[in-house]
């Protein structure tokens, strides 16, 4: 059975928790938001909390058959996508002392979600993006520039560096249609599923290198997404916005 969507909607991947949930809540003030994630219960909980503008939609961005289902639902609904936020992301151990079979598996899993998944859904949704004034925002990471803060970060750092290249490539691809494509590279963001398992001492160690003296929060990242999706950002494309409290100063 095909889902029925509104005539215009934003799409946020990895919307069940953390940055994705904050972005979905922020964009809901401007209209319907299709909240994509692997775990439907998390998305339904978010919608119950935030209201009917949030539309739960279980989908794995690595699964091309699922993306085909999304395309079919957009087609049958006659919907235009105003915004696509590629936030879905995972991290796995990439330490050199890991057993090779596990290392290869970790590489494949992270690249499939963080980079290939962002590419696949961007291209699947591309025909439905609003022209002009459509927006794509990719969520990258400071790790693309620093390599992360510890051994084992190479896979994640590489995937997020790839997101930067994808951002520039898609910006060139879609600029002629009046669609902007940008990325945000957050530093440490507290209170997300990604950092929930961190020992407090690890967070304190990270914060010591942040000139602002604190971690960021998901609502701050969501505010930057909202700006990049606004008419005021219509002449910004192919850019990476560094949002890290000064932990990394971009040249």
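Take segment 144-156 and flag every residue that is touching a helix residue (DSSP H, G or I) at 6+ places or on another chain (Cβ under 8 Å) and either within 24 Å of residue 126 (Cβ to Cβ) or free of Cβ contacts under 8 Å to residues at least 24 places away in the same chain (or both). Those that are touching a helix residue (DSSP H, G or I) at 6+ places or on another chain (Cβ under 8 Å) and either within 24 Å of residue 126 (Cβ to Cβ) or free of Cβ contacts under 8 Å to residues at least 24 places away in the same chain (or both): 144, 147, 148.
The residues of segment 135-151 that are assigned to a helix (DSSP H, G or I) and in contact with a strand residue (DSSP E or B) (Cβ under 9 Å, 6 or more places away or on another chain), listed by number, are 143, 144, 145.
When we screen 124, 118 for residues that are touching a strand residue (DSSP E or B) at 6+ places or on another chain (Cβ under 7 Å), in a helix (DSSP H, G or I), at pLDDT 95 or above and surrounded by 15 or more Cβ atoms within 10 Å (Cβ to Cβ), the only hit is 118. If you go through segment 62-90 and keep only what is closer than 13 Å to residue 124 by Cα, crowded, with 21+ Cβ neighbours inside 10 Å and within 19 Å of the chain's Cα centre (by Cα), you end up with 70, 81, 84, 86.
When residues in segment 40-61 are screened for being assigned to a loop (DSSP other than H, G, I, E, B), at pLDDT 95 or above and surrounded by fewer than 19 Cβ atoms within 10 Å (Cβ to Cβ), 1 of them pass.
Residue check: residue 151 meets all listed conditions (1) modelled with pLDDT under 95; (2) surrounded by 15 or more Cβ atoms within 10 Å (Cβ to Cβ) but one, namely (2).
Looking at segment 12-26, is at least one residue surrounded by fewer than 19 Cβ atoms within 10 Å (Cβ to Cβ) and either farther than 24 Å from residue 114 by Cα or at pLDDT below 95 (or both)? So far as segment 12-26 goes, no, none of its residues is surrounded by fewer than 19 Cβ atoms within 10 Å (Cβ to Cβ) and either farther than 24 Å from residue 114 by Cα or at pLDDT below 95 (or both).
Listed by first and then second residue, the pairs linking a residue in segment 72-96 that is free of Cβ contacts under 8 Å to residues at least 40 places away in the same chain to a residue that is surrounded by fewer than 21 Cβ atoms within 10 Å (Cβ to Cβ), with Cβ atoms under 8 Å apart and 6 or more places separating them unless they lie on different chains, are 90/109.
For segment 194-215, residues that are in contact with a helix residue (DSSP H, G or I) (Cβ under 9 Å, 6 or more places away or on another chain), surrounded by 10 or more Cβ atoms within 10 Å (Cβ to Cβ) and modelled with pLDDT of 90 or more total 2. Scanning segment 93-115 for residues that are surrounded by 19 or more Cβ atoms within 10 Å (Cβ to Cβ) and not in a helix (DSSP H, G or I) returns a single hit, 94. Name the single residue that is nearest to the chain's Cα centre (by Cα) among those in segment 204-234 being under 21 Å from residue 132 (Cα atoms) and in contact (Cβ under 8 Å) with a residue 40 or more places away in the chain. For segment 204-234, the residue satisfying everything is 225.
Matching residues to (1) under 20 Å from residue 139 (Cβ atoms); (2) out of contact with any helix residue (DSSP H, G or I) (no Cβ under 9 Å at 6 or more places or on another chain):
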{"site": "12", "(1), (2)": "yes, no"}
{"site": "17", "(1), (2)": "yes, no"}
{"site": "23", "(1), (2)": "yes, no"}
{"site": "32", "(1), (2)": "no, yes"}
{"site": "38", "(1), (2)": "yes, yes"}
{"site": "45", "(1), (2)": "no, yes"}
{"site": "71", "(1), (2)": "no, no"}
{"site": "76", "(1), (2)": "no, yes"}
{"site": "100", "(1), (2)": "no, yes"}
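Only residues that are out of contact with any strand residue (DSSP E or B) (no Cβ under 8 Å at 6 or more places or on another chain), more than 11 Å from residue 238 (Cα to Cα) and in contact (Cβ under 8 Å) with a residue 24 or more places away in the chain were counted across segment 160-198, and they come to 6. Across segment 12-33, a minimum of one residue is classified as touching a strand residue (DSSP E or B) at 6+ places or on another chain (Cβ under 9 Å), in a strand (DSSP E or B) and free of Cβ contacts under 8 Å to residues at least 40 places away in the same chain.
The values are calculated or read from the model by the stated rules, or taken from the named source; none is laboratory data. Remember, predicted model here, so these are calculated numbers, not experimental data. Backbone-built Cβ (ideal geometry, glycine too); neighbour counts: all protein chains shown.
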